[in-house]
Structures are given as C-alpha cells and as structure tokens.
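Throughout, read-outs are computed from the coordinates displayed, never taken from laboratory work. These numbers come from a predicted model, not from an experiment. Cβ placement follows ideal geometry from the backbone for every residue including glycine, while neighbour counts extend to all protein chains displayed.
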Amino acid sequence: MGLSNYTSLFSDPIFWRILANNGILLLSIPIAIMIPLGAAFLLQRHVTGWKFFQSAFYLPTVISWVVIGMVAVQVFAGHGVLNRFLSLFGLHQNMLAHPVPALIVIIIAFIWSLFGSNMVIFIGGMATMAPELYEAARIDGANELKTFWHITVPLLRRFIQFNFILTLITAFTGLFSLIFVMTGGGPGFGTTTLEFFIYQQAFDSGAFGEAATLGVVLFVLMFAVTLFQVPLLLREDD
Amino acid sequence: MNNDKRTAVPSSRKRRWHYSQGNALTFVSLCILAVIMLYPFLPMVSASLRSMQQYETGIGYSLKSWIFVLHNLPLPRELMNSTIVALGAIFLIIALSSMAGYAFGKLPFRTSHIFFVAIVASMMIPVLSMIIPEYVNISRIGLINQYPGAILVYAALGSPFATFLMTTYFRGIPDELLEAAVIDGLSYVKIFFRIMLPLGLPAIVTIIILQFITVWNDLLVGLLFLQNPAVRTVTVGIATLESVHVLNVPVLMAASLLSALPPIVVFLVFRRYLIAGLTMGMGK
C-alpha cells in the first residue's frame, strides 16, 4: 500500500519504454490534423462531387477499430498488398514484425481512420466563416495557398485547438482495439502504449494493483489535458 | 474609360481560367485522397469473395466464404447480441440525458453548473482508468456475462456526452415557450414530455446514431463484460477469431465486412444527423 506502487513503477524501465511510445504517438498528431485541414479546405470549394468525397472520407470513421485493424493487417503485413508491391523492388518485409515499423503502421491506421471526424469538425468551422473574406482575398489577388495560410488557418485556430485535444485523447485512450487486433502490443513492447499496458497488466498478468496504479497515471495525464479542454468547451456559455 | 474596359476584360477572363484550373486541381487532389481512403477496402472485398484456395491462387471468385461465415460461425447470434446491448444502452442514455439536459438547460438550480462541469469533465476520464474498478463492481453484483452488466457500463460511458449535447440543444429553445406553457397550467413533467422531447428530436436522433455506432464498434467493454460466447458481441467475435495473421483470410474478411455493415448503413441513411451532431457539440 501507500506510494510504493508509484516508486516501483517510476523506476521500472518498461514503464519509460512504454511512455516513449506514447511520445511518438504525440508527434504524429500534427500530421493527423494537417491532412484533414487541407482536405476540408479543398472540399469547401464545392467542386463537382464534393458530397461524394465528403462521405468517402468519412466512411472509415464509422467502422470499428477492429475492422480497420484487419484492413491494415491485410495491407501492411506479410502477404499484404503493400508487400506485393514492394517485393517488385526486392524490398519485401513484414512491417508488423519489427517494433518501429509496427508503430508507424499503427499510426498510419490511426490517422487514416480519424481523418473523417477531424475533417468534419474543420468543415463545421469553415461554415462559420464569412464568404466575403474569401471574396475580398480573391479581389486583393491572393492565391489559394495564401488564402489558406493567412485567412483559413488563423480563423480556425479554436477548431484546430479542439481537434488537437480530441486527437490527443483518442491517441492516448482510444487505440486499445487497434493495437489489440494488429499487434497485441508487440513485438516486445514495440507498440504497447500506456493504455494497452493497463489492459495487459490487469487481464493478462492479473496484476490488478499495478494496473490500477497505471490507470491513475493515465488519468492524471489526461486530466492535465482536460484543464485546457473544459474552458474551451464552455467558452460560449458565459 | 475605354482603356479601363480593355484591360479589365482579359484580366477577368484570365482570372476565370485560373479559377477553373484551380478547381480541376482540387478535383484531382480529392480523387487521389478518395483512392487512399477507399482503396484498403478493395483487397478486403475481393478476398471475401474467394474461397481459401481461390485466395491463394488468385484465380476465380465464389461466395463460399460468405456462406461459411453465416453457417459455421456464430455471427448471426453475435449480431443479435450486439443489437440487444446497443438498444438497451441507447434507451438508458436517452432517458438519462434528455431529463438531465432539460434540468441543466431550462431548470438550473444554484449548484447545477458544478454538476454540469463535473459531467462534462468526466468525458475525459480514460476508459481504461475506470474499467478495472468497474469490472470489480459489476462482477460483485454478478452481472458479468449478462446483458444488463454491459448495458450499464455502456450507458455510463455514453451518458456524459449525450447530456452535454442535450443541454446545449435545450438551452437554445426559447424560454418564452416554457413560460407560456406554465401560464397555461402545464406541469414541468408535462412540459418535458409534450414540448421538450418533441422539440429535442433532432438531438435525440443524433445521440441514437452516435451511440449505436460507438457501442456496436466497441471492443474493450464487450471483451471484459461479455466473455461467454453465448452473449458475445460481434466486434469481440471478430477480434477473437483466433490469430488474425494465420486464419482463413477470406472468411475473416467476409466476417469483418458483415460486422461493419450495420454502422455503414446507419451512416449512409442518417449522414446529415451524424455530421450535424459532431459539429453541434462545438456550438458555432
């Protein structure tokens, strides 16, 4: 009892190894936000078929992480589509068999399936912007790229912030099923995140005490994020 | 004047040409993105339409794997289980969140703001941080491997966001409407059933769809609280179909597709509500 659970946890090299994985996930978040932002910008030009594109981009979001994991394994693992292509160049490799490539594959699947919901939030944000702004920019001779950087991005700052937090929460607390299906946390601890480690400790090793300790650590991490999140959600109420 | 016109015409034409060129570029970029987003489903669909032998040789198509999934795997049973659990959880969530939203949005009391913030903040608690005590509690009251146990957990996990959504929505309904109803002699309970619920229907539909997709797609709660094959949900069934890497791939793909079908259909039918709901929480 007492704090001994925490001291033994913090001196455990495995714990830091796993936290490093969470750190890598954190680094992937800007990519997970920039791509949907760009897509939302393209969509709101309302070119032919934009409604179809919007639905197509959103489709992976309604499919379970389990099925997305299955799809990703089909694409990236041993006999996957990607490998059939790579073996043309003699580069055949099972990406899920090595820690770093496996984590990258999980991040790709994560970005892919979160693309739709992040994009929809940006589209919602863009809908609140006055069209006159774009008109004025066009008359002033700004090209599309300049409009994007100097008008869209600053005006969407609140939505970017919101998406960043939402993506971070998903990355740290929502990837359990994806990891479960794709790698089971392996190879080694290569793709074990803090969240997945809690499950392993509790339900694979039966170490409920350690798992509860880890649960508190994850909760404190997320609570720090929440402190930014709540004012953001409630801002308009007052 | 004449000079102005002469320069204005070509430049506007040039601009229009620029504009349509930009649109073409946009269209091409969107097409490339669409291929990236949809392509991974192609090997999935094509593999599911082959038998194991056809999959290995890459020649021919058949429905053998689909028939196998429907006859030899417990998938129909699991689809039923998922439906029962999802409907139960949705019913509880709607009952709770619509009443709570009515109270927070229209009948605020002194400390209600504190409760509201607490409920909103609880959305950020990681599921895995609370699943262990939750598991211990549910097993103590003997509801492991029973529908009500999982339904309770799903309802607890889904209610905070639903309450937040209903509160925001009800707050937007004009107070005059309630005042008029009170003057007409309606009680607060009657106002809830006769005025608030019908007006809140769009928000309720959004919650139903979001929750259906969430519960249907969830793995963790089902994995822990419904371990018995007789009550197992379909997502858990797919995830535990032995090791993903060695099993009969066409069967696995057919089963995965079948399990993903209900959320996809719900999405395609109620697309507008779903996308509205995602931005509704954001306000404007």
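Quick look at the values:
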{"quantity": "Separation in nanometres of the label points that stand 7 Å from Cα toward Cβ, at B:Leu201 and A:Ile151", "calculated": "3.9 nm"}
{"quantity": "Label-to-label distance, nm, for residues given as A:Ser11 and A:Phe89 (7 Å Cα→Cβ offset)", "calculated": "4.8 nm"}
{"quantity": "Total lysine pairs whose alpha carbons fall under 28 Å of each other in the protein assembly as shown (8 or more apart, or interchain)", "calculated": "7"}
{"quantity": "Taking chain B and dividing mean pair separation by its residue count, relative contact order in percent (alpha carbons under 8 Å, at least six apart)", "calculated": "29 percent"}
{"quantity": "Contour excess over end-to-end distance, with Cα ends at B:Met99 and B:Ile36 and 0.36 nm allotted per residue", "calculated": "18.4 nm"}
{"quantity": "Magnitude of the charge dipole, chain B, Cβ model with Lys/Arg +1 and Asp/Glu -1, debye to 20", "calculated": "1120 debye"}
{"quantity": "Calculated from backbone phi, Karplus (6.51, -1.76, 1.60) coupling profile of segment A:49-57 in Hz, x at Gly/Pro", "calculated": "x, 5, 5, 4, 4, 4, 5, 4, 5"}
{"quantity": "Computed [θ] at 222 nm, helices only, for chain A once each DSSP H run of length n ≥ 4 contributes -39500 (n - 2.57)", "calculated": "-22000 deg cm²/dmol"}
{"quantity": "Crossing angle, helix A:208-234 versus chain A [Cα axis fit, 0-90 degrees, rounded to tens]", "calculated": "20 degrees"}
{"quantity": "Test item: Cα-centred dipole of chain A, Lys/Arg +1 and Asp/Glu -1 on Cβ, debye", "calculated": "520 debye"}
{"quantity": "Acute angle (nearest 10 degrees) that the helix A:13-43 long axis makes with the longest principal axis of chain A, alpha-carbon atoms", "calculated": "20 degrees"}
{"quantity": "Helix-only mean residue ellipticity at 222 nm for chain B, each DSSP H run of n ≥ 4 adding -39500 (n - 2.57), per residue, nearest 500", "calculated": "-25000 deg cm²/dmol"}
{"quantity": "Residue among B:Leu152, B:Leu128, B:Leu241 with the largest mean-square fluctuation in a Gaussian network model of chain B, springs linking Cα atoms under 10 Å", "calculated": "B:Leu128"}
{"quantity": "Residue-by-residue Karplus 3J(HN,Hα) for segment B:210-224, coefficients 6.51, -1.76, 1.60, Hz, glycine and proline x", "calculated": "4, 5, 4, 5, 4, 5, 4, 8, 6, 10, 4, 4, x, 4, 8"}
{"quantity": "Pairwise FRET efficiency - A:Ile31 versus B:Leu268, Cβ, R0 = 35 Å, nearest 0.05", "calculated": "0.80"}
{"quantity": "Residues whose placed amide H lies under 5 Å from that of A:Gly186, excluding near-sequence neighbours", "calculated": "A:Thr191"}
{"quantity": "Two-decimal ratio, segment A:61-213, of alpha-carbon radius of gyration to 2.2 N^0.38 Å", "calculated": "1.38"}
{"quantity": "Other-chain or far-sequence residues with amide H under 5 Å of B:Gln227's (modelled H)", "calculated": "B:Asn145"}
{"quantity": "Candidates A:Pro99, A:Pro36, A:Pro154: whichever shows maximal mean-square fluctuation once chain A is modelled as a Gaussian network with Cα springs under 10 Å", "calculated": "A:Pro154"}
{"quantity": "Theoretical FRET efficiency, 1/(1+(r/R0)^6), r = Cβ-Cβ of B:Ser62 and B:Glu176, R0 51 Å, to 0.05", "calculated": "0.20"}
{"quantity": "Separation of the A:His98 and B:Ser122 label points, Cα + 7 Å toward Cβ, nm", "calculated": "4.7 nm"}
{"quantity": "Karplus-derived HN-Hα couplings along segment B:167-174 (A = 6.51, B = -1.76, C = 1.60, θ = phi - 60°), whole Hz, x at Gly and Pro", "calculated": "4, 4, 5, 5, 4, x, 7, x"}
{"quantity": "FRET efficiency estimate (nearest 0.05) - Cβ-Cβ, B:Arg194 to B:His113, R0 35 angstrom", "calculated": "0.80"}
{"quantity": "Most mobile listed residue (B:Phe161, B:Phe192, B:Phe109) in chain B, GNM with C-alpha springs under 10 Å", "calculated": "B:Phe109"}
{"quantity": "Furthest towards positive pole of dipole, B:Thr206, A:Gly125, A:Gly188, structure part the protein assembly as shown, Cβ charges", "calculated": "A:Gly125"}
